[in-house]
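Worksheet for the structure shown next.
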Amino acid sequence: MQRILVLMDHDGGVDDFLSTLLLMTMDHVDVLGVVVTPADCYIRPAVSATRKILDLVGRHDVPVAESTVRGLNPFPPMFRRDAFCVDNFPILNEREELLTRRVPEAGQAFMASALRAAPEPVTLLVTGPLTTVAAALDIDPGIEGNVREILWMGGALHVRGNVEMAIESGQDGSAEWNVYWDPIAADRIWKTAVPITLCPLDITNLVPITQAFVRRLCRQRRYPLSDLAGTCYALAAHHDYFAWDVLTTSYLGKPEIFTLRAWETEIVTDGPSQGRTRVVPGGRPIQALDRVDLDQFYAYLFSQWSR
């Protein structure tokens, strides 16, 4: 496959850590760094766990940065505390000292400088809100031309959103969490000319993490990456769980198993539909992952994590 430059921005959920793990197995990808946005996590353990994952896979060359942005609608604490659990997994704590570097500058500043210095356009893999990306563009609007595309897990185009816990505060249930955390930032990105490839709930709803899948991963425990992945998924197995961020990331490794569809869209920034990604004629053109070969997707994960 053609080599590509990737800068990752995740927000510390269980599937974000697994997306990091998957990305690091892709031989054709040169990773400029990983930025952690404080959305679906508590930031300190999320940054620590990310560095430990990079240590596990021997990618000490990939720097980790802590974003300092804030969103409008916080994730529930019960989601965010998973970062503490992952950070304390035994497989991630076999070394006394972390080798992966944590950069001293804020994540949004690091993103801006990394894009500015990149020798060619960079793919931004974003599996959390777009707030850090928007902040980086505010720091240096000129870096927009250095972004090849944004591959984003976000939005719900033709299906219900997943912000049930926000309905009691007046949200109508149409939003997806990564948009809802900061719809203003999403709208900011929608106003750029950067190509956007979306992995919305429309497709992730079709890709559950089943008990059979987790059991098969656990049977591969002789492989450290499968061991970590199975443990992470077991942590989340008490409720419906889908391959949100991992599906998004897999598009970089196996684009041929996906079909895409073009849409014209807008981001709703206020009112009861705040955070909704609405399909509207004349809206901002995007591409969305539409269908995936499930058998090939699951087989790809087993193959990449069998090491």
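The values are calculated or read from the model by the stated rules, or taken from the named source; none is laboratory data. Quantities reported herein were computed from a predicted structural model and do not represent experimental measurements. Positions of Cβ are generated from backbone atoms using ideal geometry, with glycine treated the same way; all protein chains shown enter the neighbour counts.
Yes/no matrix, rows are residues, columns are (1) free of Cβ contacts under 8 Å to residues at least 24 places away in the same chain; (2) surrounded by fewer than 20 Cβ atoms within 10 Å (Cβ to Cβ); (3) over 17 Å from the mean Cα position of the chain (by Cα):
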position: 214; (1), (2), (3): yes, yes, yes
position: 219; (1), (2), (3): yes, yes, yes
position: 222; (1), (2), (3): yes, yes, yes
position: 245; (1), (2), (3): no, no, no
position: 276; (1), (2), (3): no, no, yes
position: 307; (1), (2), (3): no, yes, yes
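The residue list 29, 103, 69 contains one member that is under 26 Å from residue 304 (Cβ atoms) and either modelled with pLDDT of 95 or more or buried (at least 18 other Cβ atoms within 10 Å of the Cβ) (or both), which is 29.
Scanning the range 261-274 for residues that are of a type in the set (A, V, I, L, M, F, W, C) and surrounded by fewer than 14 Cβ atoms within 10 Å (Cβ to Cβ) yields a single hit, 262. Could you say whether any residue in the range 248-267 is under 24 Å from residue 166 (Cα atoms), outside any helix (DSSP H, G or I) and not charged (D, E, K, R)? Within the range 248-267, one or more residues are under 24 Å from residue 166 (Cα atoms), outside any helix (DSSP H, G or I) and not charged (D, E, K, R). The single residue among 94, 120, 105, 66 that is under 17 Å from residue 150 (Cβ atoms) and among the charged types (D, E, K, R) turns out to be 120. Does residue 92 qualify as being in contact with a strand residue (DSSP E or B) (Cβ under 8 Å, 6 or more places away or on another chain) and not polar (S, T, N, Q)? For residue 92, the condition - in contact with a strand residue (DSSP E or B) (Cβ under 8 Å, 6 or more places away or on another chain) and not polar (S, T, N, Q) - is not met.
When residue 114 is tested against the conditions (1) under 30 Å from residue 171 (Cβ atoms); (2) within 20 Å of the chain's Cα centre (by Cα), the lone failure is (1).
Restricted to the range 192-209, and to residues there that are touching a residue at least 40 places away in the same chain (Cβ under 8 Å), touching a Phe, Trp or Tyr at 6+ places or on another chain (Cβ under 7 Å) and not in a strand (DSSP E or B), the residue that is surrounded by the fewest Cβ atoms within 10 Å (Cβ to Cβ) is 205. Of everything listed in (1) outside any helix (DSSP H, G or I); (2) surrounded by fewer than 18 Cβ atoms within 10 Å (Cβ to Cβ), the single unmet condition for residue 41 is (2).
Does residue 80 meet the test of being at negative phi, among the basic types (Lys, Arg) and either modelled with pLDDT of 95 or more or in contact with a His (Cβ under 8 Å, 6 or more places away or on another chain) (or both)? Against the criterion (at negative phi, among the basic types (Lys, Arg) and either modelled with pLDDT of 95 or more or in contact with a His (Cβ under 8 Å, 6 or more places away or on another chain) (or both)), residue 80 does not qualify. Quick one: is residue 171 in contact (Cβ under 8 Å) with a residue 40 or more places away in the chain, assigned to a loop (DSSP other than H, G, I, E, B), surrounded by 13 or more Cβ atoms within 10 Å (Cβ to Cβ) and in contact with a helix residue (DSSP H, G or I) (Cβ under 8 Å, 6 or more places away or on another chain)? The answer is yes for residue 171.
For beta carbons closer than 8 Å, sequence separation of 6+ or different chains, a first residue in the range 112-131 that is closer than 21 Å to residue 187 by Cβ and a second that is surrounded by fewer than 24 Cβ atoms within 10 Å (Cβ to Cβ) and of a type in the set (Gly, Ala, Ser), the qualifying pairs are 129/71; 131/71.
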